[in-house]
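What follows is calculated from the coordinates using simple rules that are stated; it is not laboratory data. Remember, it's a predicted structure, so these values are computed and weren't measured experimentally. Positions of Cβ are generated from backbone atoms using ideal geometry, with glycine treated the same way; all protein chains shown enter the neighbour counts.
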Amino acid sequence: MDAAKPRAGDARKRFWARAAAFDDGAILKTTFFVMLAGTAWVLYSDYADLNASRPANMAVEPGDPMLPAVERPEIDPDNPAYRPYETVTTPREVLSAPLEIELVSGGVLMLSGTITPGAAASFAQEVERRGDYIQTIALNSPGGSVEDALTIGRLIREKGFATAVGDGALCASSCPLILAGGTERTISQTASVGVHQIYAGAHQDGELGSAQAMSDAQIVTARITRHLVDMDIDAALWLHALDTPPDRLYFLTHAEMEEFGLAGETGAV
């Protein structure tokens, strides 16, 4: 036992000798990399939690503009609203791209693609530059930013423009809020118009976050309802949106669009 004590003392001396050999810079570097590794782990954990919080029944990948239709067993299977994507002729990559605004012949300003945040400002700039030539706003969009859609719809009504959804075109999600702004609204028999619930990102702060998300959704729904009423459209249209989960679309029949006042006229655009 006595012989073991000197060996333990020697081991301690060797440890402290090695520690003393590190300069301050090496110690700081080691500390930095340990902290960096810890931060990376926290970020990875947060990322995993966010992915885990996504709805398990999402039917499409993020960014896919072709959401499946909610089943409509009560309507004629030959109705275009029953199988809307048989009539949509626009390529997915065009619909999923950021909104493109182009003045075409006949005083038509074409809005094609996803309504990204800031789209309303771009639209307002285009109206400022070309307002004298514009008569109709043609829509071909899977939707996107509700705030921008409401702003674009209000500006369309303020300027007295008509709106239209042409042959083979799609107007879904928040896009009908733009369509509603037209002083005249024309929807082709081969166009597809659909609505669904507002989608909000997942909250990570428990019951308070869920309550806030519910409050935000109700506020936005009230604004949408007021917008439809202001545009002389029956706000009952939005009940179909509230009944439809965000990974599906309720495609309106032409009879419904006429009933709610969304379509002042149906036929070829």
Segment 84-266, relative contact order in percent, only Cα pairs under 8 angstrom and at least six apart counted: 19
Length added when fully stretched, N79-Q189, from 0.36 nm per residue minus Cα-Cα: 38.6 nm
Debye, to nearest 20: dipole size of segment 84-266, +1 on Lys, Arg Cβ, -1 on Asp, Glu Cβ: 240
Backbone HN-Hα couplings from phi across segment 110-127 [Karplus 6.51/-1.76/1.60, Hz, Gly and Pro as x]: 8, 10, 10, x, 7, 7, 8, x, x, 5, 5, 5, 5, 5, 4, 5, 5, 5
Proxy reagent accessibility, fewest Cβ within 10 Å first, across V70, V104: V104, V70
DSSP-assigned coil residues among chymotrypsin sites (Phe, Trp or Tyr not before Pro) in segment 103-195, each with at most 16 further Cβ atoms within 10 Å: Y133
For segment 249-263 and segment 214-240, distance of Cα centres in Å: 16
Exposure proxy order (Cβ contacts within 10 Å, fewest to most) of Y199, Y250: Y199, Y250
Built amide H within the under 5 Å cut-off of M110, gap 5+: E102, L103, V104, A138
Least to most buried among D76, D230 (fewest other Cβ within 10 Å first): D76, D230
